[in-house]
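First the structure, in the form of structure tokens, and then the observations on it.
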Amino acid sequence: MTTDKIILASASPRRKELLSKRGIDFTVMVSDADEKIEKGTSPFDAVMEISRRKAEAVYNELEDKSLTVIAADTVVALGNEIFGKPKDESEAYSHLKSLSGKAHSVFTGVTLIKNGVFDTFFVESKVYFKNLSDEDIYSYIATKEPMDKAGSYAIQGIGSKLIERFEGDWENIVGLPTSEVIKRLN
């Protein structure tokens, strides 16, 4: 699928790579939308709300309203506790220690705006972590990979060593459920 009428409302190199691998031509336009969510918001509501804000902010900037905007937001959730990107190494440690030996969910909310019509949805995948020692956690944090990732890990990188298995869409865990996005674009 190639078109120059798609705007990706994201600076994420992972989202750019996932779309490019599928042969989708797009232009990046980063959103400055507020990403704060009220405490107690469910993970799936949070990612849908933030993706909608990002998409709407970019769409409102466009002169050509026939362009299609894609925006996404991804979080890791253990129950209803949301783990975003860590503020520092201490928070990365806390995230990884909490996820150790447990299953958690990765939610990506996506909003597509096509011809002025909003389509907002989320995809959930499950990730099962191995039991991690403090040494495992500290040596992973030392790689710096966790520092810009929701939940403080990257399934597509060195963080794959922390994972026992996963269920669902691998690309969703990376940051964009591209199969579902393509299905809805078509």
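Under 19 Å between alpha carbons, and skipping anything fewer than 8 positions from Lys102 in its own chain: which aspartates and glutamates qualify? Candidates past the 8-residue exclusion: Glu81, Glu91, Glu124, Asp134, Glu135, Asp136, Glu164, Glu167, Asp169. If only the Cβ of Lys and Arg carry +1 and only the Cβ of Asp and Glu carry -1, the dipole of the chain around its Cα centre is close to 380 debye. What percent does the relative contact order of the range 81-160 come to when contacts are Cα pairs within less than 8 Å and at least six residues apart? Relative contact order, the range 81-160: 40 percent. Looking only at Thr143, Thr41, Thr27, which one moves most when the chain is put into a Gaussian network model with springs between Cα atoms under 10 Å? In the Gaussian network model the winner is Thr143. Under 1.5 on a/c is rounded, so check that first for the range 92-186, then, if it is not, pick prolate when a/b is larger than b/c and oblate when it is not; a ≥ b ≥ c are the square roots of the alpha carbon gyration tensor eigenvalues. Prolate, since a/c reaches 1.5 and a/b exceeds b/c. Could you tell me how many degrees, from 0 to 90 and to the nearest 10, lie between the Cα long axis of helix 43-61 and the main elongation axis, the longest principal axis, of the Cα atoms of the chain? The angle comes out near 40 degrees.
In summary, the lysines within cross-link reach of Lys5, defined as a Cα separation below 27 angstrom excluding same-chain residues under 8 places away, comprise Lys16, Lys21, Lys54, Lys65, Lys114, Lys183.
Could you tell me the relative contact order of the range 36-186? Use alpha-carbon pairs under 8 Å, at least six residues apart, and round to a whole percent.
25 percent
Restricting the range 143-186 to trypsin sites (Lys or Arg not before Pro) that sit in a DSSP loop and have at most 11 other Cβ atoms within 10 Å of their own Cβ leaves Lys144.
Looking at Asn80, Val30, Thr68, which one has the Cα that reaches farthest to the positive end of the dipole of the range 1-121 (charges on Cβ: Lys, Arg +1; Asp, Glu -1)? Looking along the dipole axis, the top candidate is Asn80. Angle of helix 89-99 to the longest C-alpha principal axis of the chain, folded into 0 to 90 degrees and rounded to 10: 80°. Counting only protein heavy atoms, what percent of the accessible surface of the chain is carbon or sulfur at a 1.4 Å probe? Carbon-and-sulfur percentage of accessible area, whole number: 48.
The values are calculated or read from the model by the stated rules, or taken from the named source; none is laboratory data. Since this is a predicted model, take the numbers as computed values, not measurements. FYI the Cβ positions are ideal-geometry reconstructions off the backbone, even for glycines, and counts take in every protein chain you see. Quick note on the areas: whole protein, heavy atoms, side chains included, nothing else; ligands and nucleic acids left out. Shrake-Rupley method; radii C 1.70, N 1.55, O 1.52, S 1.80 Å.
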